[in-house]
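Heads up, the thing below is written out as structure tokens.
Readers should treat all values here as calculations from the given coordinates under stated rules, not as data from a laboratory. Small disclaimer: the values here were computed from a predicted structure and weren't measured. No Cβ is skipped: glycine too gets one built from the backbone with ideal geometry, and neighbour counts run over all protein chains shown.
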Amino acid sequence: MSANYERERQNNARLDELASKVSALRGVTIDIYDQARNHEVIDQTTDTFSSMGSQLKGSATRLGRMAASGNKVAILKLSGILIGSFLVIYYLYRLFVG
């Protein structure tokens, strides 16, 4: 009877060890999934900023051509956009830093 009890105790101990290993493996799997999802978000953000950069470059090129044509209205629009952009950046900076 004592041998059976000892085997049962050993089986329970090994079962507890196995349960803790499975739990640790589950935690690692969840961490890997979270990391993969974070990288996907970073890639999407990078793509968005890249697209925004190319759109901004195209807009700047069109504004430059418009200003180079010598049209006074075009030059005033360009000046207004530059001043407006500076003010927006300044107030955003003051809002977040100051």
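Please compute, for the alpha-carbon atoms of segment 46-98, the extent along each of the three principal axes and give them in descending order in Å.
39, 28, 9
Give me the angle, in degrees from 0 to 90, between the Cα long axis of helix 2-68 and the longest principal axis of the Cα atoms of the chain, rounded to the nearest 10.
The angle comes out near 10 degrees.
Would you mind ranking LYS21, LYS77 by Cβ crowding within 10 Å, fewest neighbours first? Intermediate values should be presented prior to the final figure.
Numbers: LYS21 10, LYS77 14.
Going from least to most buried by this count: LYS21, LYS77.
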